[in-house]
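One structure is given here, and the rest of the page talks about it.
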């Protein structure tokens, strides 16, 4: 039996366990999305527009956590496929808004329930009560880590 980590080692152990858990769950996500002929970023754009409606490109980018150049490339592909439409904001012509086309809406409405079921299966090792607790703990961890980074960077 392994000795329990010292108190000083627990944060490091948490980081390793968190990274491995994320990797395992993300593999479920990638496999689910790949069945539909989409990449994870493409799916992320469709999903955020489905749930949030029309959004500025920068807000979509922030919500799906990818670099600006990647977002532009993915949006170009989705526009070319007829799944997303771009338009300039009436309030500020510099701002570009994204929305689903009818074809994009039909696609995400058809595939999202299957993906959601795959993700429920992926996290099913934890009972629902523990899943809810994990959400609380991980949200607190993420927000706290972001605040500490902002403070360290002088923000």
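Please compute the modelled spin-label separation between residue 87 and residue 16, points set 7 Å along Cα→Cβ, answer in nm with one decimal.
5.3 nm
I want to verify a result. In a Gaussian network model of the chain, Cα cutoff 10 Å, which of these has the top mean-square fluctuation: 24, 140, 125?
Comparing 24, 140, 125 in a Gaussian network model of the chain, the most mobile one is 140.
I'd like the distance separating the alpha-carbon centroids of the stretch 38-64 and the stretch 99-124, in whole Å.
13 Å
Only Cα pairs within less than 10 Å get springs; with that Gaussian network setup on the chain, which residue of 52, 80, 13 has the largest fluctuation?
For the chain, modelled as a Gaussian network with Cα springs under 10 Å, the answer is 13.
Springs between alpha-carbon atoms under 10 Å, Gaussian network over the chain: tell me which of 39, 142, 82 tops the mean-square fluctuations.
Top of the fluctuation ranking is 142.
So what is the 222 nm mean residue ellipticity for the chain from helices alone, if each DSSP H run of at least 4 adds -39500 (n - 2.57) and you divide by all residues, rounding to the nearest 500 deg cm²/dmol?
Values: 6 runs with 105 residues, N = 155.
Helix-only estimate at 222 nm: -23000 deg cm²/dmol.
Roughly what would the spin-label model give for residue 36 and residue 122, points 7 Å off Cα along C-beta, in nm?
It is 1.3 nm.
Can I get the semi-axes of the stretch 10-124's equivalent ellipsoid? Compute them from the C-alpha gyration tensor as square roots of 5 times the eigenvalues, in angstrom, largest first. Write out the running numbers ahead of the final one.
On the way: eigenvalues 162, 66, 25 Å².
Ellipsoid half-lengths, sorted descending, are 28, 18, 11 Å.
Could you calculate the contour length gain from residue 73 to residue 129, that is, 0.36 nm times the residue separation minus the distance between their Cα atoms, to one decimal place in nm? Each step should come with its number before you reach the end.
Numbers: separation 56, 0.36 × 56 = 20.16 nm, distance 3.95 nm.
Working it through step by step, the gained length comes to 16.2 nm.
What angle, in degrees between 0 and 90 and rounded to the nearest 10, separates the Cα long axis of helix 68-80 from the longest principal axis of the Cα atoms of the chain?
50 degrees
Got the relative contact order for the chain handy, in percent, Cα pairs under 8 Å and 6 or more residues apart?
Working: 110 pairs, mean separation 32.9, N = 155.
After rounding, I find 21 percent.
Dividing the convex hull volume of the Cα atoms of the stretch 1-70 by its residue count, what figure in Å³ per residue is obtained? Numbers along the way, then the final one.
Working: hull volume 9.7 nm³, N = 70.
It is 138 Å³ per residue.
Bear in mind that the values in this text are calculations on the coordinates, not laboratory data. This one's a predicted model, so the numbers in the text were calculated from it and none came from an experiment. Neighbour counts run over all protein chains shown; Cβ positions are idealised from the backbone, glycine included.
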